[in-house]
Amino acid sequence: MKKILAIVLVAALLLSFAACSSKKTDDTTKAAEATEQKTAETVADVEAIKAAGKIVVGITDYAPMDFKDKNGEWTGFDAEFATIVAEKLGVKVEFVEIDWDNKFLELKTKSIDCIWNGMTITDEVKNNSNCTKPYAKNEQVVVIAKDKAANIKSVEDLKDLTFAVEKGSAGETAAADNKLKTTAVQNQTNCLLEVKAGSVDACIIDSTMADTMTGEGTSYADLTKSLSLTKEEYGIGCRIGSDLTDQLNTYIDELKADGTLAKLAEKYEIALAD
């Protein structure tokens, strides 16, 4: 009886090992299939753009990177940059205005091919997209009425103020990191509107926009750039695993080398990344 029981136990143990081995093989197969699928998607990304005859770029209304000219056409540093890249790809460019807070969802669902709108390279961006190398420099700055700017010398001087920030932006993150009181709005242009209307004391926006949109000769002549909270760099966000990233990196290098980006930077007063 004991001998029979031992045989049964050995058989059961062998079956258990077989099941574990089978599961491990299944898991390995699934992982391999997932890798193959990801590779297939990666290869297909640039080809899909060429097949469609257009690259769909997600943007917001954000001067000087993307904004509409007097004819209602999108222009700006990033808009011109994207148009040049589209020509290199042999396709047209289509600009789609998106909700910045949903930018990664738009990318994942393939509503857009890339996020190209003065996007600060952060850990969140790296975790949710395949980001290119940096192409421009930026800062998150406080914009406030000129007659109040002299009172702002440090972060401590901001603690009792209220701020408008773009929802899902680096400005919102900078405000949270410094424990500032904020109201989230749809885009950075609305941040300036809130300050001008007096509904908040100040706003936190990109220095690139602050330099273009405030001061003498602008619609916000009474506002000025004040304290800098962060130093950043801009990148272009592609889908995770996308071969479009490497293609864009190649174009960034080419357009830097031939002086195209330098001319655009001078035109729109943008500081290029090193």
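The values are calculated or read from the model by the stated rules, or taken from the named source; none is laboratory data. On a predicted model such as this, the values are computed, not experimentally measured, just so you know. Positions of Cβ are generated from backbone atoms using ideal geometry, with glycine treated the same way; all protein chains shown enter the neighbour counts. Heavy atoms of the whole protein, side chains included, go into the accessibility calculation; ligands, DNA and RNA do not. Shrake-Rupley method; radii C 1.70, N 1.55, O 1.52, S 1.80 Å.
Number of residues in the stretch 153-170 that are more than 13 Å from Lys181 (Cα to Cα) and in a loop (DSSP other than H, G, I, E, B): the value is 5. When the stretch 101-133 is examined, which residues are found to be of a type in the set (Ser, Thr, Tyr), closer than 17 Å to Thr230 by Cβ and part of a loop (DSSP other than H, G, I, E, B)? Hit for the stretch 101-133 is Thr122, nothing else. Considering only the stretch 172-195, state which residues are over 21 Å from Asp66 (Cα atoms) and in contact with a strand residue (DSSP E or B) (Cβ under 7 Å, 6 or more places away or on another chain). Selection gives Ala174, Ala175, Asn178, Leu180, Lys181, Thr182, Thr183, Val195.
Quick grid of which residues meet (1) open to solvent by less than 20 Å² (accessible area, probe 1.4 Å); (2) free of Cβ contacts under 8 Å to residues at least 40 places away in the same chain:
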residue: Lys153; (1), (2): no, no
residue: Lys159; (1), (2): no, yes
residue: Thr162; (1), (2): no, no
residue: Cys203; (1), (2): yes, no
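Looking only at the stretch 79-108, which residues are free of Cβ contacts under 8 Å to residues at least 24 places away in the same chain and open to solvent by less than 40 Å² (accessible area, probe 1.4 Å)? Once the filter is applied, which keeps residues that are free of Cβ contacts under 8 Å to residues at least 24 places away in the same chain and open to solvent by less than 40 Å² (accessible area, probe 1.4 Å), the stretch 79-108 yields only Ala79.
Quick grid of which residues meet (1) out of contact with any Cys (no Cβ under 7 Å at 6 or more places or on another chain); (2) within 16 Å of Glu269 (Cα to Cα):
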position	(1), (2)
Val195	no, no
Gly215	yes, yes
Ser219	yes, no
Leu227	yes, no
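Selection of the stretch 234-266 for residues being within 19 Å of Glu139 (Cα to Cα), in contact (Cβ under 8 Å) with a residue 24 or more places away in the chain and not aliphatic (A, V, I, L, M) yields Tyr234, Gly235, Gly237.
Scanning the stretch 247-274 for residues that are in contact with a Ser or Thr (Cβ under 9 Å, 6 or more places away or on another chain) and open to solvent by 70 Å² or more (accessible area, probe 1.4 Å) turns up Glu254, Glu269. Any chance the stretch 221-244 includes a residue that's assigned to a helix (DSSP H, G or I) and open to solvent by less than 50 Å² (accessible area, probe 1.4 Å)? Checked the stretch 221-244: at least one residue is assigned to a helix (DSSP H, G or I) and open to solvent by less than 50 Å² (accessible area, probe 1.4 Å). Only one entry of Phe81, Phe67, Phe95 meets the criterion of being under 27 Å from Val125 (Cβ atoms), of a type in the set (Phe, Trp, Tyr) and either in a helix (DSSP H, G or I) or at pLDDT below 95 (or both), and that entry is Phe81.
Per the listing Ile252, Ile270, the residue uniquely touching a Phe, Trp or Tyr at 6+ places or on another chain (Cβ under 7 Å) and part of a helix (DSSP H, G or I) is Ile252.
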